[in-house]
Amino acid sequence: MKILNAQSKNFYSELDKIISKRNKIDKVTLKKVEKIVNDVRKNKDKALVRYERKFNNNSRIIPTKKEIDKAIKSLDPKVKKAIDQTYLRVKAWHKKQMPKDIYFKDKLNNKFYYKNKAINSVACYVPGNLPSTLIMCATPGIIAGVKRIVLCTPRINGKLNSGVYYAASILGIKESYNLGGASAIMALANGTSKVTRVNKIVGPGSSWVALAKKMVFLEGLCGIESANMGPSEILCWADSSTSPDIVASSMIAQSEHSIGSLAILLSKDKNLIKKVKISISNQLKDLPRKKIASKSLNDNGVLIYVKQDKDMLKISDYIAPEHIEILLKNYKKFVKNNIVAGSVCIGPYSSMGLSDYGPTQHTLATHGSSKFSSGLGVKDFILQTSYNQLSKKGVAKLAKTGILLSKFENLIGHSRTIKKRMEKK
C-alpha cells in the first residue's frame, strides 16, 4: 500500500499514477478483445463455444430446466429468505424512480409530449456468484416495463449458481445463457443461432467485458449503461474518532472483488493511518479471498494524509469514486456538500458492504465516471421520445423565427419545409 501526503508538491501526480494505471486501456488486452468480438461476429456459435471452453471450461450455453430446478432446490432456505428480502427492498426503492410523461400546450394550441416507453429487451450480465447483482440489474428493468429480460451468467466449475438462479426465478426471468467475457457480450449484441440478440446490456464485469461493451455500443449493435462500470472502488473519510478496524474492513471488502479494485483512505490523523495499515494486515490473514484482496491493496491501496477538511472534499471530488464512506465525527458538516460519487454511506453504522444488498443501487459508476454519470436506475431501461403537434396558428406565428435561423445556419431545405406548412390551407 502507498502512503501519500496531500501537502507534498507532487501529490496529485503520485495519485494519478495509481488511478491512471487502473484506467489505462491495455493495448494487448484491447487487441485480444477485438479479436474475440470479430471472431464471434463472423463464426457465431462455433467461436462462442470455443471461447467458453477455453476461458470458462464450459460447453453448455443454455441450461436445462432440470438443471435450474436442481440448483434452486439445493439453495439454503435461509439464503432464499435473504434474497427475497433484498428483492422486496430494492423493488420498493426503485419504484420511486419511475418517470412521468410530460404534456404541454401553449397559447397557440401547439401540443408537445414527452413519452416514456420501456426498452424491448435487456440482458443482465451477472458474475457467476452474485445474486444481488442480478436483483440490482433486473429490478429497475421490471419496474420500467421491459418485456424481455435475459440473464447471462457464466458457470462456476461447470455448475449453475443456485443463488443467481433462485433470484432469476423470483424476478420472473425465463431466458438465460451460461456465457462469460467478451464473447458473451458480442453474442448478446449481435445474436447467434443459440443466443437471441438484445437491445441493451447492463451489469458489471472485467476489463474485457467493459471493453467489449464499449465496442458493441460504438458499432450501434446495442446499448449499454452511461456509466463506466469496472472494478469496485471505495474512499473512506476518517478521523481520530473512527475505529481503524472499521476502515480496514471497508477497504478490504471492496478489494476482495478483484485485483483491479481501488481502496483509499483520507484522514487528518497520521496515527489512524498507521493503525489502519496494521489492521488491514491482521484482517487479511484469515480472509478466504486473501490473495485477491492483498494483490488489489498492494497495487491500488492508498492511505492519504490531509491537513484540512477542505482538502478532503477536494481530493474526493477529484477521484470521484464508486463508493464513499464518511466515518467522521462531524459527518453532518460534509453531507451538506454535493459529493461526487456513485453512492455515499454516512456515519459509523452505514457499511458499504450492507448497502450492496439494497435498497439503493450497487451497479455504479467507476473510473471517475461519477463526474458525469450515475449508477443504474429505472431511467436506464426507458426510452424517452418527444412529440410535436403544431397548429396552423402556431406555424404562422413561429415560422418567421424558424426561417430566420435556418437561413443563418445555411439550411435552406429547413426554411422551405417550414414555408410549405404555411402555404397549406
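Rule-based calculations on the coordinates, nothing more; no lab input. Please read all numbers here as calculations on a predicted model, not as lab measurements. Methodologically, a virtual Cβ is constructed for each residue, glycine included, from the backbone with ideal geometry; neighbour enumeration extends over all protein chains shown.
Here are a few candidate values for Cα extents along the principal axes in Å: (i) 93, 52, 34; (ii) 83, 58, 43; (iii) 132, 96, 36. Which one was actually calculated from the structure I just gave you? Among (i) 93, 52, 34; (ii) 83, 58, 43; (iii) 132, 96, 36, the one derived from this structure is (ii).
Between 0 and 90 degrees, the angle of helix 309-319 with respect to the longest Cα principal axis of the chain falls at about 60 degrees. Applying 1/(1 + (r/R0)^6) with r as the Cβ-Cβ distance of Phe408 and Leu108 and R0 = 30 angstrom yields a FRET efficiency of 0.85. Neighbours of Asn282, meaning other residues whose beta-carbon lies under 15 angstrom from its beta-carbon, give a summed charge of +3 when Lys and Arg score +1 and Asp and Glu score -1. The aspartates and glutamates within cross-link reach of Lys21, meaning a Cα-to-Cα straight distance under 15 Å and a gap of 8 or more places when in the same chain, are Glu233, Asp299. The peptide list 41-52, 70-81, 163-174, put in order of mean Cβ contacts within 10 Å with the highest first, becomes 163-174, 41-52, 70-81. Considering the options Ser391, Val146, Asn56, tell which one lies farthest towards the positive end of the dipole of the chain, charges being +1 on Lys and Arg and -1 on Asp and Glu at the Cβ, about the Cα centre. Farthest towards the positive pole: Ser391. Here Lys213 is the anchor, and the aspartates and glutamates within straight C-alpha reach of less than 17 Å, apart from those fewer than 8 places off in the same chain, are Asp26, Glu34, Asp39, Glu225, Asp380. In a reduced charge model with +1 at each Lys and Arg Cβ and -1 at each Asp and Glu Cβ, the chain shows a dipole moment near 1780 debye about its Cα centre.
Roughly how tilted is helix 270-284, in degrees to the nearest 10 and between 0 and 90, from the longest Cα axis of the chain? The two axes meet at around 80 degrees.
Label-to-label distance for Asp309 and Met422 is 6.1 nm, based on points extended 7 Å past Cα in the beta-carbon direction.
For the set Lys333/Lys371; Lys73/Lys159; Lys44/Lys65; Lys70/Lys159, the pairs lying more than 18 angstrom apart at their alpha carbons are Lys333/Lys371; Lys44/Lys65.
Ranked by the mean number of other Cβ atoms within 10 Å of their residues, highest first, the peptides 54-67, 180-193, 235-248 fall in the order 180-193, 235-248, 54-67.
Using alpha carbon centroids, what distance separates the range 354-412 and the range 313-335, in Å? Rounded to whole Å, the Cα centres lie 30 Å apart.
For the chain, modelled as a GNM whose springs connect Cα atoms under 10 angstrom apart, the maximal fluctuation among Leu398, Leu130, Leu376 occurs at Leu398. Within the range 294-413, all pairs of alpha-carbon atoms sorted by distance into 10 Å bins from zero give the percentages 10, 27, 23, 10, 14, 13, 3, 0.
Taking 4.7 Å between C-beta atoms as the pairing limit, the chain has these partnerless cysteines: Cys152, Cys222, Cys236, Cys345. Listed by chain and number, the lysines placed with their C-alpha closer than 26 angstrom to that of Lys392 are Lys105, Lys107, Lys111, Lys115, Lys400, Lys407, Lys419, Lys420, Lys424, Lys425; residues fewer than eight positions away on the same chain are left out.
Taking the Cα atoms of the range 13-67, the ratio Rg/Rh between the radius of gyration and the Kirkwood radius comes to 1.23.
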